[in-house]
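Chemist: Let me begin by handing over the structure; questions about it come next.
The values are calculated or read from the model by the stated rules, or taken from the named source; none is laboratory data. Predicted model, so just to flag it, every value in this text is computed and none were measured. We place every Cβ from the backbone using ideal geometry, glycine too, and count neighbours over all the protein chains shown. For the accessible areas, the whole protein counts, side chains as well, though only heavy atoms, and no ligand, DNA or RNA atoms are used. Shrake-Rupley method; radii C 1.70, N 1.55, O 1.52, S 1.80 Å.
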Amino acid sequence: MELEVNNLTKEFGSFTAVNHLNITMRNGVYGLLGVNGAGKTTFMRMLCTLMRPTHGKITCNGKEIFTMDGDYRKILGYLPQDFGFYPDFTVQDYLLYIASIKAIRPAVAKKRVKELLEKTGLENAVHKKMKKLSGGMKRRAGIAQAMLNDPKILVLDEPTAGLDPNERIRFRNLISELSEDRLVLLSTHIVPDVEYIANEILLMKNGSFIQRGTTEHLITTMKENIWKCHVEKSYVPQLMKKYKISNLKTDSHGAVLRIISKEKPVPDAVPEEAVLEDVFLYYFDEKAGE
């Protein structure tokens, strides 16, 4: 499976939400990482044919996706950040209803729903109404509906938004499991959601890809170093004004800071290994998840 994006641009009047994107994606997990408003959702909506680009095109195995029309959507699964459902439907009825919209034959749909309920850990919530589900269970129902047609391309927009840490870990593991033999594009502004499962990470800012690659590669693109130091609390505001602080922890003796800087910020600072959250702060100038 190959999805090629060529000079993709989306404009809303004088505002450019997506700015001349170019990328070729194949099977594997791609993590689309950026702050809110970076253009991630607009990009994904175009990939899912819900929005036409102003310029440029998207091709799937060499064929333009808007020309493919229904043939493209047959191999596509999409989980938007906010997906709609009838609150009084049971989980099973909801999935069967979505299967009918996707023109999946009833006999096939019943078997597929049963498989996905087990895979997503919802087998004990079959007859539970959608409105009674927790946030995590609703997201699992969302991934199940996206997988009903066994898609070759799976697009997930902020799938872990609002989930507690345990649910986020469970969801990441599920996505990793589902990524075999398909292309998965996962957007988020929460670094750990892509750090361990993405084959390639795309950093998106102001509608453009500013960097892309593995975690290790992105770390090498940083032009500054990571330092750890212990200072008096009264000195913290001065350091925060001068440097990017990726972590701050106070204790009875003062504060421990993790600082991104070319130069040693204080005499007793010691170098530290960089991680993906440092990369996020370096390029977006804010902490991941904020």
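Chemist: In 10 Å bins starting at 0, how do the alpha-carbon pair distances of the chain split up by percent?
Modeler: Each 10 Å bin holds this share of Cα pairs: 6, 25, 29, 22, 12, 5, 1, 0.
Chemist: Rounded to the nearest 10 degrees, what's the angle between the helix 135-146 long axis and the longest principal axis of the chain, both from Cα atoms, 0 to 90?
Modeler: Once rounded, the angle reads 50 degrees.
Chemist: For a quick check of understanding: with a 1.4 angstrom probe and all protein chains in place, what accessible area in square angstrom does SER252 have, to the nearest ten?
Modeler: 110 Å²
Chemist: So, with +1 on the Cβ of K and R and -1 on the Cβ of D and E, and no other charges, what is the size of the charge dipole of the chain about its Cα centre, to the nearest 20 debye?
Modeler: The calculated dipole for the chain is roughly 820 debye.
Chemist: Excluding ligands, DNA and RNA, what is the solvent-accessible area per residue of the chain at a probe of 1.4 Å, expressed in Å²?
Modeler: Value for the chain: 50 Å² per residue.
Chemist: Another question, if that's okay. Can you tell me which of 79-89, 51-61 comes out highest on packing, and rank the rest after it, using the mean Cβ neighbours within 10 Å?
Modeler: 51-61, 79-89
Chemist: While we're on this one: Under a plain spin-label model, where a point goes 7 Å from the Cα along Cα-to-Cβ, how far apart in nm are ASP71 and VAL108?
Modeler: The answer from the label model is 1.7 nm.
Chemist: Taking the dipole about the Cα centre of the chain, with the C-beta of Lys and Arg at +1 and of Asp and Glu at -1, give me whichever of ALA146, ASN206, GLY56 is farthest to the positive side.
Modeler: ALA146
Chemist: OK, next. Between GLU273 and SER14, what is the label-to-label distance in nm when each label sits 7 Å out along the Cα-to-Cβ direction?
Modeler: Between GLU273 and SER14, the simple spin-label model gives 4.9 nm.
Chemist: So, one more: Read phi for every residue in the stretch 188-201 and hand back ³J(HN,Hα) as whole Hz from Karplus 6.51 cos²θ - 1.76 cosθ + 1.60, θ = phi - 60°, with x for Gly and Pro.
Modeler: With the stated coefficients, the stretch 188-201 comes to 6, 10, 10, 3, x, 5, 10, 4, 9, 10, 7, 6, 9, 10 Hz.
Chemist: Can you run phi through the Karplus equation (6.51, -1.76, 1.60; θ = phi - 60°) for the stretch 26-40 and list ³J(HN,Hα) in whole Hz, with x for Gly and Pro?
Modeler: Each residue of the stretch 26-40 in turn: 10, 3, x, 9, 10, x, 9, 10, x, 6, 4, x, 6, x, 4 Hz.
Chemist: Taking +1 at the Cβ of each Lys and Arg and -1 at the Cβ of each Asp and Glu, which of GLY31, PRO87, HIS20 sits farthest along the dipole of the stretch 13-126 towards its positive end, judged by Cα position relative to the Cα centre?
Modeler: With unit charges placed on the Cβ atoms, the residue in question is HIS20.
Chemist: Right, here's the next one. Can you grab the distance from the C-alpha centre of the stretch 13-69 to the C-alpha centre of the stretch 99-171, Å, no decimals?
Modeler: Value for the Cα centre distance between the two parts: 24 Å.
Chemist: In addition: Mind checking the dipole of the stretch 200-249: about its Cα centre, +1 per Lys or Arg Cβ, -1 per Asp or Glu Cβ, Debye to the nearest 20?
Modeler: Computed about the Cα centre, the dipole is about 260 debye.
Chemist: Also, I was wondering about something else. At most 11 other Cβ atoms within 10 Å and a DSSP loop assignment: could you name the GluC sites (Glu not before Pro) in the stretch 159-214 that fit?
Modeler: GLU180
Chemist: Quick one: of LYS102/LYS138; LYS10/LYS63; LYS57/LYS223; LYS205/LYS242; LYS111/LYS132; LYS40/LYS74, which pairs are farther than 28 Å apart, Cα to Cα?
Modeler: With Cα atoms farther than 28 Å apart: LYS57/LYS223.
Chemist: Only bridges whose two residues both fall in the chain count here: according to DSSP, what percent of them are antiparallel, nearest 5?
Modeler: 65 percent
Chemist: Which FRET efficiency value, to the nearest 0.05, do you get for SER134 and VAL266 by plugging their Cβ-Cβ distance into 1/(1 + (r/R0)^6) with R0 = 41 Å?
Modeler: Taking R0 as 41 Å, the efficiency between SER134 and VAL266 is 0.35.
Chemist: Ranked by accessible surface with a 1.4 Å probe, highest first, in what order do ILE169, ILE23 come? Intermediate results must be reported in sequence, preceding the final value.
Modeler: Values: ILE169 80, ILE23 5 Å².
The most accessible residue leads, giving ILE169, ILE23.
Chemist: Quick one: helix 106-119 against the long Cα principal axis of the chain, what's the angle to the nearest 10°, folded into 0 to 90?
Modeler: It works out to around 30 degrees.
Chemist: Mind listing the phi-derived Karplus ³J(HN,Hα) values for the stretch 120-126, rounded to whole Hz, using 6.51, -1.76 and 1.60 with θ = phi - 60°, and x for any glycine or proline?
Modeler: Rounded to whole hertz, the list is 8, x, 10, 4, 8, 10, 3.
Chemist: Among VAL231, ILE219, LEU174, which residue has its Cα furthest toward the positive end of the charge dipole of the stretch 173-290, with +1 on Lys/Arg Cβ and -1 on Asp/Glu Cβ?
Modeler: Going by the Cα projections, it comes out as VAL231.
Chemist: Amide H to amide H under 5 Å from THR54: which residues, 5+ apart in sequence or cross-chain, H placed 1.01 Å off N in plane?
Modeler: THR9, LYS10, GLU11
Chemist: Further, regarding this structure: In whole percent, how big is the carbon plus sulfur part of the accessible area of the chain, probe 1.4 Å, protein atoms only? All intermediate terms of the calculation are to be shown ahead of the outcome.
Modeler: Details: 6870 of 14380 Å².
Roughly 48 percent, rounded to a whole number.
Chemist: For the chain, find the longest principal axis of its Cα atoms and tell me its angle to the long axis of helix 165-178, 0 to 90°, nearest 10.
Modeler: It is inclined by approximately 60 degrees.
Chemist: Could you give the length gained on full extension between SER176 and GLU224, defined as 0.36 nm per residue of separation minus the Cα-Cα distance, in nm?
Modeler: Values: separation 48, 0.36 × 48 = 17.28 nm, distance 3.17 nm.
The span from SER176 to GLU224 would gain 14.1 nm if fully extended.
Chemist: If amide H atoms are built 1.01 Å from N in the plane of the peptide, which residues on other chains or at least 5 residues away come under 5 Å of the amide H of LEU32?
Modeler: Amide H to amide H, under 5 Å and 5 or more residues apart or across chains, LEU32 pairs with LEU186, SER187, THR188, LEU202.
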